[in-house]
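Input: a single structure, listed below in structure tokens.
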Amino acid sequence: MLEISNDLYLDERHLQFQFVRASGPGGQNVNKVSTAVQMRVRIDDLTELPQRVRDRLRELAGSRLTNDGEIIFDAQRYRTQERNKQDAIERLLALLRKAAERKKFRVKTRPSLSAKRKRVDTKKKRGDVKK
């Protein structure tokens, strides 16, 4: 179980890993060893998460979200499978933590009557100066 927050957890069974050959650093191993990780997570399978978190996750996923409702993380920053796998998991957890945050409720406010008058008065004064 991966901890997202104090009361939210993610079961690792939902994560699917595929190892592919990476571009970039790797020395002699770069053409022989599949070190890059492609991690897939189906949002609909994450039933332990509340619906609002799953909906927000769809918003935040952006171009990583497929038409099938999967989020794909490509990790090839490091030279080993283990580090790339851990990097992909950390990036998923960061996205889940951000999705679990509640949006701040914006209270609509209106300028007071005195603020409106003051604004108009300063504009008139500035216009008189320019004349």
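The values are calculated or read from the model by the stated rules, or taken from the named source; none is laboratory data. Here the structure is a predicted model, which is why all the values come from computation and not from measurement. Quick reminder, even Gly has a Cβ in these numbers, built from the backbone with ideal geometry, and neighbours come from all protein chains shown. Note: accessible area is taken over every heavy atom of the protein model, side chains too, but ligands, DNA and RNA are not part of it. Shrake-Rupley method; radii C 1.70, N 1.55, O 1.52, S 1.80 Å.
Descriptive notes on the structure:
- Test: residue in the stretch 28-38 that is modelled with pLDDT of 75 or more and either open to solvent by 80 Å² or more (accessible area, probe 1.4 Å) or under 20 Å from the mean Cα position of the chain (by Cα) (or both): yes
- Residues (modelled with pLDDT under 80 and under 25 Å from D7 (Cβ atoms)) located in the stretch 66-78: G69
- So L46, is it at pLDDT below 75 and farther than 15 Å from Y78 by Cα: no
To keep it simple, each residue is scored yes or no on (1) over 22 Å from R52 (Cβ atoms); (2) touching a Lys or Arg at 6+ places or on another chain (Cβ under 8 Å); (3) among the aliphatic types (A, V, I, L, M).
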position: E70; (1), (2), (3): no, yes, no
position: Q81; (1), (2), (3): yes, no, no
position: K85; (1), (2), (3): yes, no, no
position: A88; (1), (2), (3): yes, no, yes
position: T109; (1), (2), (3): yes, no, no
position: S114; (1), (2), (3): yes, no, no
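- Criterion (loosely packed, with under 15 Cβ neighbours inside 10 Å, modelled with pLDDT of 80 or more and either in contact with a Gly (Cβ under 9 Å, 6 or more places away or on another chain) or assigned to a helix (DSSP H, G or I) (or both)) met by exactly one of R83, R54: R83
- Test: residue in the stretch 108-127 that is in a helix (DSSP H, G or I), in contact with a Gly (Cβ under 9 Å, 6 or more places away or on another chain) and more than 22 Å from D7 (Cβ to Cβ): no
- Condition met for A115 (small (G, A, S), closer than 22 Å to V41 by Cβ and out of contact with any Cys (no Cβ under 9 Å at 6 or more places or on another chain)): no
- Residue count for the stretch 3-25 satisfying the condition of being at pLDDT 65 or above, within 16 Å of A75 (Cβ to Cβ) and open to solvent by less than 70 Å² (accessible area, probe 1.4 Å): 4.
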